[in-house]
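Asker: Handing you this structure, nothing more for now.
The values are calculated or read from the model by the stated rules, or taken from the named source; none is laboratory data. Note that the structure is predicted; figures quoted are calculated from it, not measured. Glycine gets a Cβ as well: all are built from the backbone with ideal geometry, and neighbour counts include every protein chain shown.
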Amino acid sequence: MLSARIPRALPCALAFLLLALMVVFAACSSDPERSEAKSGRWQPKPTIAAWQFQLQGRIDLSIDAPVYEVDGFDVSGATVGRLHARGRKVICYIDVGSWENYRPDAKRFPKSVIGKKYEGYPNERWLDIRRFHKFAGPIKARIRMCARKGFDGLEPDNINGWENRTGFPLTARHQLRFNRWIARLAHRNGLAVGLKNDGRQARKLVGDFDFAVVEQCFQYTECGQYRPFVRHGKAVFAVEYERPTSAFCGRAKKIRFSAIGKEYDLFARPWRPCS
């Protein structure tokens, strides 16, 4: 009788074992740490720890921040290495949606895609992202440069041209296509990538980007647009230029944004963290 029961019980046991393995696999694949290891790139989680945003001057290594954002052209791989030695993660700042006449690769951008001046920045002009294939070469080279120097993440700036007077009839759809292309390039190069200031499309892009970098969202009451990142377990790095920390730090901590106060010129200091 016993030998007759074994064949019937065996399929049930196998089914139970299979189900258990599926549950374990699902739990592992949803673990952020395991996900980061599998992807091979940095995936910053929501934090209230301060970050550093410096685009001008000699990099001040003494700022006590776990994350630095610095200029991809101006900062060497050796400096990135020194920051890593101090336990910092480093984000590479590059422009992808506007043309800067002072960059060494400026001549690689065809005149046909260079539009109106970026308001407040006389040396910058908007790019026609509808035809990004015409300037894909220098953009890809910039992202490879960031990867080669050892950066952990990428902050591609000016990816909200559709909201500005660029000289081109850009739409939200054009912007989504371009932004997702940039995100794919970053990931192919092993870099985390941040969404910069395109808050109105943050919900649609949260699955493509690993974190967000936001300017003055507390001043202009736009921080809610980026909360989907926190809900998806992704960091939001916020900076305010005109408001005192007392005006935004409490709110930043409540919604789990990493927020700092800076001045527009973005030297190392002043650096006003939410403590």
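Asker: Within the stretch 159-170, is even one residue surrounded by fewer than 18 Cβ atoms within 10 Å (Cβ to Cβ) and among the hydroxyl-bearing types (Ser, Thr, Tyr)?
Answerer: There is no residue in the stretch 159-170 that is surrounded by fewer than 18 Cβ atoms within 10 Å (Cβ to Cβ) and among the hydroxyl-bearing types (Ser, Thr, Tyr).
Asker: Would you be able to say whether some residue in the stretch 107-114 is assigned by TED's automatic domain parsing to the domain that holds LEU55, outside any loop (DSSP other than H, G, I, E, B) and buried (at least 22 other Cβ atoms within 10 Å of the Cβ)?
Answerer: Looking through the stretch 107-114, none of the residues is assigned by TED's automatic domain parsing to the domain that holds LEU55, outside any loop (DSSP other than H, G, I, E, B) and buried (at least 22 other Cβ atoms within 10 Å of the Cβ).
Asker: Further, regarding this structure: List the residue pairs whose Cβ atoms are under 6 Å apart, where the first residue sits in the stretch 159-180 and is closer than 23 Å to TYR121 by Cα, the second is among the hydroxyl-bearing types (Ser, Thr, Tyr), and the two are 6 or more positions apart or on different chains.
Answerer: Cβ pairs passing all conditions: TRP162/THR171.
Every residue, every condition in (1) at pLDDT 95 or above; (2) in contact with a strand residue (DSSP E or B) (Cβ under 9 Å, 6 or more places away or on another chain); (3) not hydroxyl-bearing (Ser, Thr, Tyr), yes or no:
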position: VAL23; (1), (2), (3): no, no, yes
position: ALA26; (1), (2), (3): no, no, yes
position: SER29; (1), (2), (3): no, no, no
position: PRO32; (1), (2), (3): no, no, yes
position: ALA37; (1), (2), (3): no, no, yes
position: ALA50; (1), (2), (3): yes, yes, yes
position: PHE53; (1), (2), (3): yes, yes, yes
position: PRO66; (1), (2), (3): yes, yes, yes
position: GLU69; (1), (2), (3): yes, yes, yes
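Asker: From the list PHE229, PHE168, PHE237, pick out the single residue that is aromatic (Phe, Trp, Tyr), under 17 Å from VAL96 (Cβ atoms), at pLDDT 95 or above and assigned by TED's automatic domain parsing to the domain that holds TYR118.
Answerer: Selected residue: PHE168, the only one of PHE229, PHE168, PHE237 that is aromatic (Phe, Trp, Tyr), under 17 Å from VAL96 (Cβ atoms), at pLDDT 95 or above and assigned by TED's automatic domain parsing to the domain that holds TYR118.
Asker: Restrict the check to the stretch 125-137 and report whether at least one residue is farther than 23 Å from GLN201 by Cα, crowded, with 18+ Cβ neighbours inside 10 Å and in contact with a helix residue (DSSP H, G or I) (Cβ under 7 Å, 6 or more places away or on another chain).
Answerer: yes
Asker: So, in the stretch 171-205, of the ones that are in contact with a Phe, Trp or Tyr (Cβ under 7 Å, 6 or more places away or on another chain) and surrounded by fewer than 20 Cβ atoms within 10 Å (Cβ to Cβ), which residue ends up nearest to ALA235 (Cα to Cα)?
Answerer: Per the criteria, the residue is TRP181.
Asker: I need a count of the residues in the stretch 153-204 that are assigned to a loop (DSSP other than H, G, I, E, B) and over 11 Å from the mean Cα position of the chain (by Cα). Explain how you work it out, then say what you get.
Answerer: The first filter runs over the stretch 153-204 and keeps only residues assigned to a loop (DSSP other than H, G, I, E, B), leaving 158-160, 164-171, 189-191, 197-198.
After this cut, where a residue has to be over 11 Å from the mean Cα position of the chain (by Cα) as well, the list is 158-160, 164-171, 189-190, 198.
Number satisfying all stated conditions: 14.
Asker: Give the residues of the stretch 223-247 that are assigned to a loop (DSSP other than H, G, I, E, B) and closer than 21 Å to ILE91 by Cβ, sorted by residue number.
Answerer: HIS232, GLY233, LYS234, ALA235, TYR241, listed by residue number.
Asker: If you check ALA147 against the conditions, is it in the same structural domain as VAL67 (by TED's automatic domain parsing) and within 22 Å of PRO104 (Cα to Cα)?
Answerer: Yes: the conditions hold for ALA147.
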